[in-house]
Amino acid sequence: MASQSNNLSQGTIAVRGGLNTDDQYGSVVPVITPSTCYRYEEFAKSREFDYARKANPSRRLVEETVAKLEGGADAILTNCGMSAIHLISVALLAPNDLVVAPHDCYGGSYRLFNSLSQKGYFKVKFVDQSDLVALQEALSLHPKLVLIETPSNPLLRVVDIKKIAQQAHDVGALVLVDNTFMTPILQKPLELGADIVTHSCTKFLNGHSDLLAGILVFKDQQLATDVLWWANNIGTLTSSFDSYLLLRGLRTLAARVNLQQDNAQKVVGFLANHPKIAKVFHPSLPTNLGHDIAKKQQKGFGSLLSFELVGDADVMPKFLKALNIFTLAQSLGGVESLICHPATMTHSGISAEARKTAGISDQLLRISVGLEDITDLLADLQQALETV
């Protein structure tokens, strides 16, 4: 699949995914196929599609497009990002298997791994993957799966995918990389040694905050086929209508990601020099954990950033209430700018102790920078900071 697109840029692949595939009417834009069942050609002879829980023509176009973008052999689209993580857990892990995950991973991933391990489905060890000694100790336990999330959510810490993947492979582990923040426009984990890439397609791949979807992209076709059996078995797949919307969102992926990144860089510069900001977290900053790694393995620094406000607990609600353009909401990657308080939103499902270990303070805010005019974004931040 990837070989068909070796000479095309990421932006071109994203724009042209699924175009001109309608042979009946010659529609440029692919049709939506809502049917749940498909007529057999004859007794005991099914067509390419037979039942929509397993596969659907609209969904297949998205899977092919994202697989090409990531340089993978195949992909499986699911009904949300967490169902993609859950699918991998069910398909690959047994009760005595170990998962090594980042200590500062997305709160939903932390909650899922932690809760399933407590029920005995598998074992999990959360570790600071930038701590070489701690990581090596975890890998010495011979995990079945290593999850890498870089940049991390919400502190934008960057770890070396290529190095960790090699170390994981040396002990027989599969490597899963959450590439939601960077997208294949800015980072290609499969080229760096990952076996599987996952995205919450709800975020940047769709880009319009109007659907839920997740995806797994596989380097190896046989692994994809094995996991697809489980996807059909437990029913994780998404609808034809959401698939259509996602494919529509993908067409502007490169343009959105690049402009959002440009806007974010200006926001970082503004906040880093403001007296009411204690600290800014963004991979572009030399002070950010993994800055030098980011310069090597990423094509850009992305449009997610976090910062800590100066002051006590009373400052936070005043600042958030004063904002007019930045919306207090817990998603990211849409065309609109969002702001999130991780301790009470995205990471509220993990314990205060775990948040403290991960470095997530009560004064931390995360911004997903959108496509609004940068002068308006900076003016909104400025006037809100003046109120605290």
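The values are calculated or read from the model by the stated rules, or taken from the named source; none is laboratory data. Note that the structure is predicted; figures quoted are calculated from it, not measured. Using ideal geometry, Cβ is built from the backbone for each residue, glycine included, and neighbour counts are taken over all protein chains shown.
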Quiz item: Yes or no: Leu323 touching a strand residue (DSSP E or B) at 6+ places or on another chain (Cβ under 9 Å), within 20 Å of Asp373 (Cβ to Cβ) and surrounded by fewer than 21 Cβ atoms within 10 Å (Cβ to Cβ)?
Solution: yes
Quiz item: List pairs: first in segment 296-320 and touching a residue at least 24 places away in the same chain (Cβ under 8 Å), second among the aromatic types (Phe, Trp, Tyr), Cβ under 7 Å, 6+ apart or cross-chain?
Solution: Gly302/Phe181; Leu304/Phe181; Leu305/Phe281; Ser306/Phe281; Phe307/Phe281; Leu309/Phe319
Practice problem: Note down all Cβ pairs under 8 Å where the first residue falls in segment 249-265 and is buried (at least 19 other Cβ atoms within 10 Å of the Cβ), the second is of a type in the set (Asp, Glu) and outside any helix (DSSP H, G or I), and they're at least six residues apart or on different chains. | Solution: Asn263/Glu372
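When only residues in segment 174-200 that are of a type in the set (Gly, Ala, Ser) and buried (at least 23 other Cβ atoms within 10 Å of the Cβ) count, which is farthest from the chain's Cα centre (by Cα)? It would help to see each step written out before you state the result.
Just the residues of segment 174-200 that are of a type in the set (Gly, Ala, Ser), to begin with: 193-194, 200.
Keeping just the survivors that are buried (at least 23 other Cβ atoms within 10 Å of the Cβ) gives 194, 200.
On the way: Ala194: 14, Ser200: 5 Å.
Ranking the candidates gives Ala194 first.
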Self-check item: In segment 275-309, the residues that are of a type in the set (Ser, Thr, Tyr) and not in a loop (DSSP other than H, G, I, E, B)
Solution: Ser306
Self-check item: Odd one out for Ala101, checked against (1) out of contact with any Ser or Thr (no Cβ under 9 Å at 6 or more places or on another chain); (2) within 23 Å of Ile164 (Cα to Cα)
Solution: (1)
Practice problem: State all residues of segment 69-83 that are assigned to a helix (DSSP H, G or I) and under 15 Å from Val175 (Cβ atoms); if no residue qualifies, say none. | Solution: Glu70
Quiz item: So Val268 fits all but one of (1) more than 28 Å from Gln10 (Cα to Cα); (2) not in a loop (DSSP other than H, G, I, E, B); what number is the exception?
Solution: (1)
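With the condition kept exactly as written, say whether any residue in segment 126-140 is touching a residue at least 12 places away in the same chain (Cβ under 8 Å), in a helix (DSSP H, G or I) and in contact with a Gly (Cβ under 9 Å, 6 or more places away or on another chain). Steps first, answer last, please.
Of segment 126-140, the ones touching a residue at least 12 places away in the same chain (Cβ under 8 Å) are 126-130, 135-136, 138-140.
With in a helix (DSSP H, G or I) added as a condition, the list becomes 135-136, 138-139.
When the remaining residues are screened for being in contact with a Gly (Cβ under 9 Å, 6 or more places away or on another chain), the result is none.
No, segment 126-140 has no match at all.
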Quiz item: For Val62, are the conditions met, namely being buried (at least 22 other Cβ atoms within 10 Å of the Cβ), at pLDDT 95 or above and not in a helix (DSSP H, G or I)?
Solution: no
Practice problem: Please work out if Ser303 is buried (at least 22 other Cβ atoms within 10 Å of the Cβ), modelled with pLDDT of 95 or more and not assigned by TED's automatic domain parsing to the domain that holds Leu381. | Solution: no
Quiz item: Take the residues of segment 235-249 that are closer than 13 Å to Ala52 by Cα and in a helix (DSSP H, G or I): which is nearest to the chain's Cα centre (by Cα)?
Solution: Ser243
Quiz item: Quick one: how many residues across segment 176-222 are within 20 Å of Arg248 (Cα to Cα) and either in a strand (DSSP E or B) or without any contact (Cβ under 8 Å) to a residue 60 or more places away in the chain (or both)?
Solution: 9
Quiz item: Which residues, counting only those in segment 310-325, are in a helix (DSSP H, G or I), of a type outside the set (A, V, I, L, M) and touching a helix residue (DSSP H, G or I) at 6+ places or on another chain (Cβ under 6 Å)?
Solution: Phe319
Quiz item: Within the bounds of segment 201-213, is there any residue that is under 21 Å from the mean Cα position of the chain (by Cα), assigned by TED's automatic domain parsing to the domain that holds Ile85 and under 20 Å from Leu93 (Cβ atoms)?
Solution: no
Quiz item: Restricting attention to segment 11-30, which residues are crowded, with 16+ Cβ neighbours inside 10 Å and part of a loop (DSSP other than H, G, I, E, B)?
Solution: Gly17, Gly18, Pro30
